[in-house]
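Each value in this text was obtained by applying a stated rule to the coordinates, not by laboratory testing. Computed from a predicted model, the values in this text were never measured in an experiment. Positions of Cβ are generated from backbone atoms using ideal geometry, with glycine treated the same way; all protein chains shown enter the neighbour counts.
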Amino acid sequence: MSEPAPAPPPAKPAPSVGASLAIDYGPLVIFFLANAFAPVPDALKVFAATGIFMVAMLAAMLISQVRYGRISPLLWFSGLMVLVLGGLTLWLHQEWFIKIKPTLYYLTVAALLAFGLRTGRNLLKTVLGTAYPGLTDRGWYLLTRNWIILFVVMAAANEAIWRTTSTSFWLASKLWLFIPATLVFIACNIPMLIRHGLTLEEAAKEPPIAPVD
């Protein structure tokens, strides 16, 4: 008599809202703190912070994989850009490489989402479908369109800020401008999402969208 097949391993838990925010935004906060308090001359602070940012991003990806069994596509993409452009920043000793990363991130994601809409494949729905239970196809279209607009606006804002202000001001703007703008954007979309079928009770269990730049 054959032995019963072993039970499959238990599924990894989904990250809570707090854990999702920590994984997505923790490396950015560490980057900000390192740039402010790294015990190096001011001219070298952004380079020290960039190296620490790269390590923090790798740690966030590792924690996501080990604790929750997956790394989100957005975190993969952001991590790749941090490592590539951060590496170029340190290698060539040009801080503008790390400053254009948000611009490239926003424009690339916007282009991918727009391409998906043009070809009838909503990539945002593919990636985040469980985060918006009950949302109709029309709702997904409007949400994707709105994210495209936001990403293009934030790309333009990042370019304007880093090209016309100091490194400290640019870095601070990521905390007092870009993150609050993203949270306000998410809140402003909720009435539209509800009109197009979003079930708030189930959506509240899912982590919010937190694009990392």
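Structural remarks
- Between Arg67 and Ala43, the simple spin-label model (points 7 angstrom out along Cα→Cβ) gives 4.0 nm.
- The distance linking region 108-126 with region 177-198 is 19 Å (Cα centroid to Cα centroid, whole angstrom).
- Table column - 3J(HN,Hα) (Hz), region 74-80, Karplus curve with 6.51, -1.76, 1.60, x for Gly and Pro: 5, 5, 4, 5, 5, x, 4
- Cα shape, region 16-125, gyration tensor, a/c 1.5 rule: oblate
- Relative to the compact-globule estimate of 2.2 N^0.38 Å, the Cα radius of gyration of region 92-173 comes out at 1.34.
- Whether the chain is rounded, prolate or oblate, judged on the alpha carbon gyration tensor where a/c under 1.5 counts as rounded: oblate
- D (Stokes-Einstein, µm²/s), Kirkwood Cα radius, region 69-120, 1.002 mPa s at 20 °C: 176
- Separation of alpha-carbon centers, region 92-107 and region 72-87, rounded to whole Å: 12
- In order along region 64-73, the phi-based Karplus estimate (6.51 cos²θ - 1.76 cosθ + 1.60, θ = phi - 60°) of 3J(HN,Hα) comes to 4, 5, 6, 7, 10, x, 7, 10, 5, x Hz; Gly and Pro are listed as x.
- The dipole here belongs to the chain: it is taken about the Cα centre, uses +1 on the Cβ of Lys and Arg and -1 on the Cβ of Asp and Glu, and is about 340 debye.
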